[in-house]
């Protein structure tokens, strides 16, 4: 089969790979209907994270179940499934508390290799969610978004305590940030500020529910957000980038007693602006998003067309086009690339 491998900075290849097989009795094999390139894939692609050996790429996926292990009870061959980018049993104490990304039986780095024709999914009963029947083709992008960016944006909004009547700012206009706008709107936020500079992303953010746009950065961005909020700052901030500067901005625009949901993978070991956060009584939450906790909740709205997170995909490639997809995202020419095997 064809699959995607990363060999080093800006060296991603589509090549022949072994077909996956059942390894554990809780595994499933799925035939991928769609996958995509994640913003976190770009860190090793750009060289920010070391690549010590050729690495199979891809952790966002939807597809049709081909085979299941002997202990799989809930997932059946022939079902169309949406998968979470963390493999979890969905039954342990931590999963039941809503943090499947920290499942005590999780397998680090699994599932991987979904930018391919087929993939092995560990802990299939907990990781996969079947749709009611085979969905129409036009819904597949939005179902794919539910495997990561929609749930990550949702988790960011929940961690930031977004809700009815509140003011919300989203730092970052990538796919996660744009889905964060969807989440803030659906949770009832009164004012939603998107912080970004790209016209096509701003237009999509407005379509999703953003009420204001801030294109400034640094201190100027903080000043502008405060102008838009009567000098107070916002109740809720979604930090969807992970850079030190974006974290400083997120904390700087939170009002006293506000909350920041950090879902951008941090690129620093220590958190910037910890003193301002402390003295501003700003709650800091977030982390690796437990998207499995939200798939079933969000699926009806996706299937009914009430939300369309699939609009974040603005470039489509086949497996041979994956290297170009990485380049387009890394060079900020594309918001998010969908891969159709």
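A short reminder: the numbers here are calculations on the coordinates, not readings from a lab. Computed from a predicted model, the values in this text were never measured in an experiment. Every residue, glycine as well, gets a Cβ built from its backbone with ideal geometry; the counts of neighbours run over all protein chains shown.
Quick notes on this one:
- Length available on full extension from residue 333 to residue 66: 0.36 nm per residue minus the Cα-Cα distance, which gives 92.6 nm.
- Look at 2, 10 and count the other Cβ atoms within 10 Å of each Cβ; fewest to most, that gives 10, 2.
- Nearest-0.05 FRET efficiency for residue 7 and residue 275, computed from C-beta distance (R0 30 Å): 0.10
- Centroid-to-centroid separation of region 214-255 and region 31-49 [C-alpha atoms, Å]: 28
- Among beta bridges from DSSP that stay inside the chain, the antiparallel ones total about 55%.
- Percentage relative contact order, region 152-286, counting C-alpha pairs under 8 Å, at least six apart: 27
- Relative protection proxy for 270-280, 298-308, from highest mean packing down: 298-308, 270-280 (other beta-carbon atoms within 10 angstrom).
- Tensor-based shape of region 235-341 (alpha-carbon gyration tensor, a/c under 1.5 rounded, otherwise prolate or oblate): oblate
- In the elastic network of the chain, a GNM with C-alpha springs shorter than 10 Å, the most mobile of 322, 23, 225 is 23.
- Residues 91, 283 arranged by fewest to most Cβ contacts within 10 Å: 91, 283
- Efficiency of FRET from Cβ geometry, residue 232 and residue 52, R₀ 41 Å, rounded to 0.05: 0.30
- Ordered from longest to shortest, the equivalent ellipsoid semi-axes for the chain are 33, 21, 19 Å, each the square root of 5 times a Cα gyration tensor eigenvalue.
- For the chain, the relative contact order works out to 19 percent when only alpha carbon pairs closer than 8 Å and six or more residues apart are counted.
- Whole-angstrom Cα spans of region 152-286 along principal axes, big to small: 36, 30, 27
- Amide N of region 244-276 lying under 13 Å from the label point, which is placed 7 angstrom from the Cα of residue 216 along Cα→Cβ: 253
- Region 41-110: C-alpha gyration tensor shape, a/c 1.5 cut-off, then a/b vs b/c: oblate
- Per-residue Cβ neighbour rank within 10 angstrom, fewest leading, 42, 123: 42, 123
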